[in-house]
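Encoded as structure tokens, the structure appears first; notes follow it.
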Amino acid sequence: MRFKDKVAAVTGGGSGIGKEVAKRFVVEGGKVFINGREERKLKTAAVEIDPTGENVGIYPGDIAQPAVGRELIEATIKRFGAIDVLINNAGVFRPKPFLELEESDYDWFLDTILKGKFFTAQAAAKAMKAQGRGGAIVHTGSLWAIQAIGATPSSAYSAANAGVHALVRNLAIELAHDRIRINAVAPAVVETPVYRTFLSSEEVKEILPTFNGFHPLGRNGQPVDVAEAILFFASDQASWITGTVLPVDGGVTAGRQ
């Protein structure tokens, strides 16, 4: 039971990778608070994570607003008495060519991906420091911040996630004295509901399988693939690891076959 008596807050916890992380965190003995923009989705996810409701709470809101991240941490501590882990997973994705991007697109990516993670991490780190027993913050970054993928033009998205990766290294140094570890995962194509935000269900069924061969291991990722890496970083098994961005990408960053 890696997370017995541990408490985590998970942004983007209503579906996909975030929900899988929250579910496994509870199975391994912990308690979680999940955040997302849609209250209905969070309530449904909470029942899946823990039907008793004893080990899960929800806090709806958009972490692009710094107050939401702060209030999420406050709600977690009020309900469960502490905050040991922050899984900063919330994000958005929509390919769009650089020459077609507008300021509103840019702000949408930067506010949710970078600003949201920045201020939620700040709130969690302040609470962890006050508790005096350390903690772990794990960000979801992106392969797209490491490599440019021509099939999915994503300059603003990639720039935002590159900021997340830089944040990992900077916070790892600043917060090491307080025993707060900061790491990130950088997934490639993972089959989550995010693709349905800009593709129809039929397009998802048609297009996503075409990316299987993009990965040297021959398949797209599943939420559990990334969740396992996140939970490792969140656990004491990674107690001597901080400042790391780990590609969880089916071998993409290794090269092409």
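Under 10 Å, Cα contacts only: if you run a Gaussian network model on the chain, which one of Trp108, Trp240, Trp144 comes out with the highest mean-square fluctuation?
Highest fluctuation of the listed residues: Trp240.
At q = 0.14 Å⁻¹, what log₁₀ I(q)/I(0) does a Debye calculation on the Cα points of region 115-222 give, no solvent, two decimals?
Once normalised to I(0) and log-transformed, intensities are -0.68.
Under 13 Å from the Cβ of Ala188, count the other residues' Cβ atoms, weight Lys and Arg +1, Asp and Glu -1, and hand me the total.
Values: positive: Arg219, Arg256; negative: Glu191, Asp225, Asp249.
Combined, the nearby Lys, Arg, Asp and Glu give -1.
For Glu38 and Arg219, compute 0.36 nm times the residue count separating them, minus their Cα-Cα distance, and round to one decimal in nm. Let's see the in-between values first.
Values: separation 181, 0.36 × 181 = 65.16 nm, distance 3.00 nm.
Length gained between Glu38 and Arg219: 62.2 nm.
Suppose R0 equals 30 Å; then what is the FRET efficiency for Asp5 and Glu48 from their Cβ-Cβ distance, rounded to the nearest 0.05?
Working: r = 22 Å, r/R0 = 0.75.
Taking R0 as 30 Å, the efficiency between Asp5 and Glu48 is 0.85.
Restricting to DSSP H runs of at least four residues, report the calculated mean residue ellipticity at 222 nm for the chain, -39500 (n - 2.57) per run over all residues, nearest 500 deg cm²/dmol.
On the way: 8 runs with 100 residues, N = 257.
One gets -12000 deg cm²/dmol as the mean residue ellipticity at 222 nm.
Taking R0 as 22 Å, what FRET efficiency do you get between Gln257 and Lys205 from their Cβ-Cβ distance, rounded to the nearest 0.05? Show your work: numbers first, answer last.
On the way: r = 25 Å, r/R0 = 1.15.
Computed FRET efficiency for Gln257 and Lys205 comes out at 0.30.
Semi-axes, largest first, in whole Å: what does sqrt of 5 times each Cα gyration tensor eigenvalue give for region 202-242?
31, 11, 6
Would you mind pulling out the separation of the Cα centroids of region 63-92 and region 221-257, in Å?
Taking the Cα centre of region 221-257 as reference, the centre of region 63-92 is 22 Å away.
Once you list every other residue whose beta carbon is under 12 Å from the beta carbon of Asp249, what net charge do they have if Lys and Arg are +1 and Asp and Glu are -1? If you can, show how the numbers build up before the last one.
Details: positive: Arg219; negative: Asp225.
Net local charge, Asp249 excluded: 0.
Do you know the relative contact order of region 10-83, to the nearest whole percent, from alpha carbon pairs under 8 angstrom that are 6+ apart?
Dividing the mean separation by the residue count of region 10-83 yields 28 percent.
May I ask for the distance between the Cα centers of region 143-165 and region 1-55, given as a whole number of Å?
So the separation of the two Cα centres works out to 28 Å.
By what distance, in whole Å, do the Cα atoms of the chain stretch along each of the three principal axes, largest value first?
Here the spans come out as 46, 39, 37 Å, largest first.
Can you give me the angle between helix 116-131 and the longest principal axis of the chain, using Cα atoms only, in degrees from 0 to 90, rounded to the nearest 10?
Tilt of helix 116-131: around 20 degrees.
Measure nothing fancy, just the Cα-based angle from helix 223-234's long axis to the longest principal axis of the chain, in degrees from 0 to 90, nearest 10.
40
Compute the helix-to-body angle for 16-27: its Cα long axis versus the longest principal axis of the chain, expressed 0 to 90° and rounded to tens.
The angle comes out at about 30 degrees.
Over region 145-201, calculate the relative contact order: mean separation of alpha carbon pairs under 8 Å at least 6 apart, over the residue count, as a percent. Mind dumping the intermediate values first?
On the way: 21 pairs, mean separation 13.0, N = 57.
This gives 23 percent for region 145-201.
Report the gain in length on full extension from Asp62 to Trp240: 0.36 nm times residue separation, minus Cα-Cα distance, nm rounded to one decimal. Walk me through the numbers before you get to the answer.
On the way: separation 178, 0.36 × 178 = 64.08 nm, distance 3.24 nm.
Full extension from Asp62 to Trp240 adds 60.8 nm.
Restricting to Cα pairs below 8 Å that are 6+ residues apart, what does the relative contact order work out to for the chain? Please round to a whole percent. Please list the in-between numbers first.
Values: 521 pairs, mean separation 49.0, N = 257.
The value is 19 percent.
Identify which of Glu71, Glu100, Glu38 has the largest mean-square fluctuation in a Gaussian network model of the chain, with springs joining Cα atoms closer than 10 Å.
Answer for the Gaussian network model of the chain: Glu100.
Determine the sum of side-chain charges near Thr152: Lys and Arg each +1, Asp and Glu each -1, restricted to other residues whose C-beta is under 15 angstrom from that of Thr152. Present the calculation step by step, with values, prior to reporting the outcome.
Working: positive: Arg94, Lys96; negative: Glu100, Asp105, Glu191, Glu203, Asp249.
Net charge around Thr152: -3.
No value in this document is a laboratory result; all are computed from the given coordinates. Quantities reported herein were computed from a predicted structural model and do not represent experimental measurements. In this analysis, Cβ positions are derived from the backbone assuming ideal geometry, glycine residues included, and neighbour counts consider all displayed protein chains.
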